[in-house]
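The values are calculated or read from the model by the stated rules, or taken from the named source; none is laboratory data. Quantities reported herein were computed from a predicted structural model and do not represent experimental measurements. Methodologically, a virtual Cβ is constructed for each residue, glycine included, from the backbone with ideal geometry; neighbour enumeration extends over all protein chains shown.
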């Protein structure tokens, strides 16, 4: 692949500039970027950045990374000419990857298994639409993928325990929400390794990243809380009207389930390209591209002990740069570890 660098550098910022950028996000952009431009002949940098929800600077970093990609194609010599001179992105000689991406047998099989598992969820509103999607995917994927996926049985217990063995907790909670009834939960708290008793005024059921939650006004905490259904040890619908306060706000799950307190300590890490995985696995308050694949991330935590352990595991993949006292403590930890290693 050859590239012509130059052209316009971004100076403005969009709302997308504040959005967290992870390795997964970037891979998706890189896979879609060349076909996106090829199908349009040429695209303005600003237009492409807006389409992918990034800043022009982030998009230029992606284009520079594409320049380094070695393409494997049926033709061993398959150069791609990529340019963004004058603020216009153009791609030439990319016919070998202009075809739509297709799922491999293992990928299609995994997707079919997940869809069949979803179809087994009790109380699913539009099961017919899901069945049509499964049928279309089986037809497109071919007999091999359909045969493999049909031999896999997945059973997931995410519903909690219901006092009525013939009914799931999801069904009881749906009825409680519809009737405006309070529920009593025996709820397991893993951090304390104990079951807690609490009355909850249900607000809604939701699925986040494959896990089912009850959102409700917890009368024990006097606040809106999320309860994982697989941690509900017992459930009873009470003959008491639910009373959710008028000012109770639903939790914005689009922003992630982790909601740090303003009193939590802000920790800043600078990560190399090999350390970008941190932004995928830990809830970050902000993520900033530094170029050449590097990131600066900020996360909040009430207890920095786990951050010290993370920093030690990162090694040369990243470092804590703030706050100063934490960075100094981590350097001391590393020095002691090296001294012990030398003694061994």
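What the table below lists for this structure:
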| read-out | value |
| --- | --- |
| Residue within region 306-321 that is outside any helix (DSSP H, G or I) and under 22 Å from residue 25 (Cα atoms) present | yes |
| Of all residues in region 172-205 being at pLDDT below 85 and farther than 16 Å from residue 226 by Cα, the one that is farthest from the chain's Cα centre (by Cα) | 194 |
| Residue within region 241-249 that is surrounded by 13 or more Cβ atoms within 10 Å (Cβ to Cβ) and in contact with a helix residue (DSSP H, G or I) (Cβ under 6 Å, 6 or more places away or on another chain) present | no |
| Among the candidates 235, 214, residue that is under 30 Å from residue 281 (Cβ atoms), modelled with pLDDT of 90 or more and surrounded by 13 or more Cβ atoms within 10 Å (Cβ to Cβ) | 214 |
| Considering residues of region 238-277 that are part of a loop (DSSP other than H, G, I, E, B), under 26 Å from residue 293 (Cα atoms) and in contact with a strand residue (DSSP E or B) (Cβ under 7 Å, 6 or more places away or on another chain) only, the residue modelled with the lowest pLDDT | 276 |
| Test result for residue 337, under 30 Å from residue 55 (Cα atoms), assigned to a helix (DSSP H, G or I) and touching a helix residue (DSSP H, G or I) at 6+ places or on another chain (Cβ under 9 Å) | no |
| Identity of the residue in region 288-303, in contact with a strand residue (DSSP E or B) (Cβ under 8 Å, 6 or more places away or on another chain) and either surrounded by fewer than 14 Cβ atoms within 10 Å (Cβ to Cβ) or at pLDDT below 90 (or both), that ends up farthest from residue 265 (Cα to Cα) | 290 |
| Criterion violated by residue 69 - all others in (1) loosely packed, with under 15 Cβ neighbours inside 10 Å; (2) more than 23 Å from residue 277 (Cβ to Cβ); (3) at pLDDT below 65 satisfied | (2) |
| Residue list for region 304-336, filter: within 24 Å of the chain's Cα centre (by Cα) and farther than 18 Å from residue 264 by Cβ | 313, 314, 317, 318, 319 |
| Residue 321 crowded, with 17+ Cβ neighbours inside 10 Å, within 30 Å of residue 59 (Cα to Cα) and at pLDDT 90 or above | no |
